[in-house]
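Novice: Below are the structure tokens for one structure; questions will follow.
The values are calculated or read from the model by the stated rules, or taken from the named source; none is laboratory data. Because the structure is predicted, anything quoted here is derived from the model rather than measured. FYI the Cβ positions are ideal-geometry reconstructions off the backbone, even for glycines, and counts take in every protein chain you see.
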Amino acid sequence: MKRTPCSLAALGQVNALGKTNAEIAPRLFAGDTSGLVLRDDLVPGRSLLFGAVRDPLPEIPARLARFACRNNRLALAALEQIGAEVDAALSRFGRARIGIVVGTSTSGVGDAEEAIAVRERTGALAREFDYAQLEFGGLAGFLAEATGARGPAYTLSTACSSGARALASARSLVALGYCDAVISGAADSLCGLTANGFASLGALSERVTNPCSRNRDGLTLGEGAALFLVTSDPGGVQLLGVGESSEAHHISAPDPEGNGAEAAMRGALTDAGLSPGDIAYLNLHGTGTPQNDPMECAAVARVFGTGLPCSSTKALIGHALGAAGALEAAFCWLALAGRSRGELPLPPHVFDGERDPALAPIRLTIKGETARVGAHPRVMTNSFGFGGNNCTLVLGTDGDA
Amino acid sequence: MKVSLTRWAAWAPGIDTPDAWRAWAHSPVTLAKEGVPEAKFLPAMLRRRCTPLTRTMLAAAYACVDADELPRLRTVFASRHGSINESIGLLEAVVRREKLSPATFSHTVHNAQAGLFSIAAGNRAASSSLAAQEDTWACAWLEALTFLEREPSAPVLVVIGDVPLAETFAALVDEPAVPYAFACRLASAGGAAGIELTLAEADAPLPRPPWPHALEFLRWWLSDEPALVQGSRATRYEFRRT
């Protein structure tokens, strides 16, 4: 069965590398880690690196004040970049035909912390706090109100695979005919809850995250948002395949064999009708935790062997949790969009260079590396979430660049 | 896409058998505000770690399908509030600059119920977890349709549930606050009779039932009414027997 095309027709994003595609792309391909900042305000007694967005964020319009939280401001920063394309879709298809499917793991929980801090002092929640900031569905509700889209609007929250899953569902809603276009992606924001939660699990690195290194000691948290306009138009960058699996293993640790990761990658290849040799680059989940990297490298080696160029971009923007899948799809989009004379620029794998010899020896990209590609370059991105939720995406172009 | 609803189960305090739900659907009354299922089907160690919401949703899931399907079906878990009650304690600890419990933190992800179901049932199939404010039920249905779009031949287990919000946030939410869960098994109907969901733009929010939307759907499914229309905001979701 021939799939309906799934165009990732427009992309807006914000993360520690910058606030536009034009700003982010050169820093991504240069492996720039200068976006990470030391903060001592998130985890008591510890000064840690975070991929914090330092650019000023747009204000939530007064009419939508009930949605005014940092998470929605990050989403708005991404949305504003695709405002022209969203407006064009609204006129072309009508507002009832535009849906919203987005991912988050935090929603506005950082703002709920402030509201509860006020409650501790005064006995009442902060007056400006509204439950719509905290509830997971609030992100989709906000984007529906902000754009005027009147199709279905929902938020997926499967921890670190949320952003990837959102794109998978957006593609299906268009294919089913429920929507002509979907605004889809994810937003996640740094907050005390996730920082201290991961600290309590011993999962935060003392330095910059160091994926695939023998010295790796955990993840660096980040934040950001990426939103795509998904349509059934042909051409441009397309979402070609989706692979999904559950781990049935442990609530906060992956199956050490990487069987769930392998199933997700193989499922995405099958869905896209591709063979492992068709993939030019893989963006790893690559969190730099002791548990993730061995299982992921082993799974990648079983599917692809050890020749496929791979990298983790977590050292550049941190692990943006619920937004990671969408942001890493955005990085794949930038690589595909950056193709020039048959060469695909590849995000470098940034770490201390001391490979853990215990890991399967997959090929890690270096700075300045490009991949020689044909008319139909295809790339893949992995997202593996807490609770054992895995989602792998394949993106590609129709060869018109 | 037309789907057939082949199995269902629901749980609310005191109403936990198909016959009890049929009686309720025939003459529905408002539901009790407190109660948690025993969930004896869970191994004791796992059961101890389950929050009230997890027990409630898993009780409906396990009652809905046969044991041989529990490890195989793809799943959609939906909850408006999810684990927010457990998050409140963590938020208070953050504000007081106290250490968080790693176990509690792990169980506050929105997909905790899906993850624990996957572990308990040994289910490695695709799974999604969602929330959509007051339209969570209709969007859970849509999300199940996206699974059927990707793989029409394999049915999907949909599980929705909530428990009342703790006092910290309860006053901020104007929706029936009762513990409940509803699960159903959806398959592509092909040419057979089934349920079709259509969407349209709404002029105004529709009147809300005095119980959760998913249970209003169950009431409708057990009635002979041809259609059910729901929608809290700008979108009307119409379920229709075909």
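Novice: Against the conditions (1) facing chain B (nearest Cβ under 9 Å); (2) over 23 Å from B:L91 (Cα atoms); (3) surrounded by fewer than 24 Cβ atoms within 10 Å (Cβ to Cβ), where does A:T147 fall short? Just the number, please.
Specialist: Among (1) facing chain B (nearest Cβ under 9 Å); (2) over 23 Å from B:L91 (Cα atoms); (3) surrounded by fewer than 24 Cβ atoms within 10 Å (Cβ to Cβ), A:T147 violates only (1).
Novice: While we're looking at this one, here's another question. Residue check: is A:D255 outside any strand (DSSP E or B), away from every other protein chain (no Cβ under 12 Å) and over 21 Å from A:D188 (Cβ atoms)?
Specialist: Spelling it out, it is not the case that A:D255 is outside any strand (DSSP E or B), away from every other protein chain (no Cβ under 12 Å) and over 21 Å from A:D188 (Cβ atoms).
Novice: Go through the stretch A:17-56 and report how many residues are buried (at least 19 other Cβ atoms within 10 Å of the Cβ) and closer than 24 Å to A:L134 by Cβ.
Specialist: The number of residues fulfilling the criteria is 6.
Novice: Does B:C50 count as modelled with pLDDT under 95 and buried (at least 20 other Cβ atoms within 10 Å of the Cβ)?
Specialist: yes
Novice: Name every residue in the stretch B:1-27 that is surrounded by fewer than 16 Cβ atoms within 10 Å (Cβ to Cβ) and farther than 30 Å from B:S153 by Cβ, in order of residue number.
Specialist: B:G14, B:T17, B:D19, B:A20, B:R22, B:A23, B:H26, B:S27
Novice: Across the stretch B:105-128, which residue is nearest to A:V101 (Cα to Cα) among those that are facing another protein chain (nearest Cβ under 7 Å) and hydroxyl-bearing (S, T, Y)?
Specialist: The extreme case among them is B:S128.
Novice: Given (1) out of contact with any Pro (no Cβ under 8 Å at 6 or more places or on another chain); (2) assigned to a loop (DSSP other than H, G, I, E, B); (3) within 20 Å of B:L218 (Cα to Cα); (4) among the hydrophobic types (A, V, I, L, M, F, W, C), identify the lone condition not met by B:A23.
Specialist: Of everything listed in (1) out of contact with any Pro (no Cβ under 8 Å at 6 or more places or on another chain); (2) assigned to a loop (DSSP other than H, G, I, E, B); (3) within 20 Å of B:L218 (Cα to Cα); (4) among the hydrophobic types (A, V, I, L, M, F, W, C), B:A23 misses just condition (2).
Novice: Here is a follow-up. Among the candidates A:S161, A:S107, which residue alone is in a helix (DSSP H, G or I), at pLDDT 95 or above and hydroxyl-bearing (S, T, Y)?
Specialist: Answer to the selection: A:S161.
Novice: Another question, if that's okay. Considering only the stretch A:310-341, state which residues are among the basic types (K, R) and surrounded by 24 or more Cβ atoms within 10 Å (Cβ to Cβ).
Specialist: A:K314
Novice: Out of everything in the stretch A:110-138 that is more than 9 Å from chain B (Cβ to nearest Cβ), in contact (Cβ under 8 Å) with a residue 60 or more places away in the chain and part of a helix (DSSP H, G or I), what residue ends up being surrounded by the fewest Cβ atoms within 10 Å (Cβ to Cβ)?
Specialist: A:G110
Novice: Given the criterion at pLDDT below 95 and either in contact with a Gly (Cβ under 8 Å, 6 or more places away or on another chain) or more than 25 Å from A:A164 (Cβ to Cβ) (or both), identify the matching residue among B:P212, B:P179, B:P205.
Specialist: B:P205
Novice: To continue, here is another question. Which of the following residues is in a strand (DSSP E or B) and among the basic types (K, R): A:R92, A:R39?
Specialist: Of A:R92, A:R39, the one residue that is in a strand (DSSP E or B) and among the basic types (K, R) is A:R39.
Novice: If you don't mind, there's one more thing I want to ask. Can you tell me which of B:A187, B:A193 is outside any loop (DSSP other than H, G, I, E, B), more than 13 Å from every other protein chain (Cβ to nearest Cβ), of a type in the set (G, A, S) and surrounded by fewer than 23 Cβ atoms within 10 Å (Cβ to Cβ)?
Specialist: Checking each option against the conditions leaves just B:A187.
Novice: Starting from residues that are in contact with a Leu (Cβ under 9 Å, 6 or more places away or on another chain) and not in a strand (DSSP E or B), keep the ones in the stretch B:60-79 and report whichever is surrounded by the fewest Cβ atoms within 10 Å (Cβ to Cβ).
Specialist: B:E69
Novice: Still on this model: State which residue is surrounded by the most Cβ atoms within 10 Å (Cβ to Cβ) when the search covers only the stretch A:263-295 and only residues that are in a helix (DSSP H, G or I) and touching a Pro at 6+ places or on another chain (Cβ under 8 Å).
Specialist: A:N292
Novice: On to the next question. State all residues of the stretch B:98-114 that are without any contact (Cβ under 8 Å) to a residue 12 or more places away in the chain and under 20 Å from A:R165 (Cβ atoms); if no residue qualifies, say none.
Specialist: Once the filter is applied, which keeps residues that are without any contact (Cβ under 8 Å) to a residue 12 or more places away in the chain and under 20 Å from A:R165 (Cβ atoms), the stretch B:98-114 yields only B:S106.
Novice: May I pose another question? Are any residues in the stretch B:213-234 over 14 Å from B:W141 (Cα atoms) and either within 14 Å of chain A (Cβ to nearest Cβ) or among the hydroxyl-bearing types (S, T, Y) (or both), and if so, which ones?
Specialist: Result: B:S223, B:S232, B:R233, B:A234.
Novice: For the stretch A:346-401: of the residues being within 14 Å of chain B (Cβ to nearest Cβ) and of a type in the set (V, I, T), which is nearest to A:S246 (Cα to Cα)?
Specialist: Filtering the stretch A:346-401 for residues that are within 14 Å of chain B (Cβ to nearest Cβ) and of a type in the set (V, I, T), the one nearest to A:S246 (Cα to Cα) comes out as A:T392.
Novice: Read through the list (1) more than 7 Å from chain A (Cβ to nearest Cβ); (2) out of contact with any Pro (no Cβ under 7 Å at 6 or more places or on another chain); (3) surrounded by 24 or more Cβ atoms within 10 Å (Cβ to Cβ); (4) over 16 Å from A:A168 (Cβ atoms), then give the number of the only condition that B:A131 fails.
Specialist: Just one mismatch for B:A131, condition (1).
Novice: Still on this structure: Based on what the data block shows, is B:F182 more than 12 Å from chain A (Cβ to nearest Cβ), in contact with a helix residue (DSSP H, G or I) (Cβ under 6 Å, 6 or more places away or on another chain) and of a type in the set (F, W, Y)?
Specialist: Yes.
Novice: Still on this structure, please answer the following. Right, A:L64: over 25 Å from A:Y178 (Cα atoms), over 21 Å from the mean Cα position of the chain (by Cα) and surrounded by 18 or more Cβ atoms within 10 Å (Cβ to Cβ) or not?
Specialist: Answer is no for this residue.
Novice: Something else now. So, A:I60, is that one within 14 Å of chain B (Cβ to nearest Cβ) and either among the hydroxyl-bearing types (S, T, Y) or not in a helix (DSSP H, G or I) (or both) or not?
Specialist: no
Novice: Against the definition (aliphatic (A, V, I, L, M) and under 17 Å from the mean Cα position of the chain (by Cα)), how does A:L57 come out, yes or no?
Specialist: Considered against the rule, which asks whether it is aliphatic (A, V, I, L, M) and under 17 Å from the mean Cα position of the chain (by Cα), A:L57 comes out as no.
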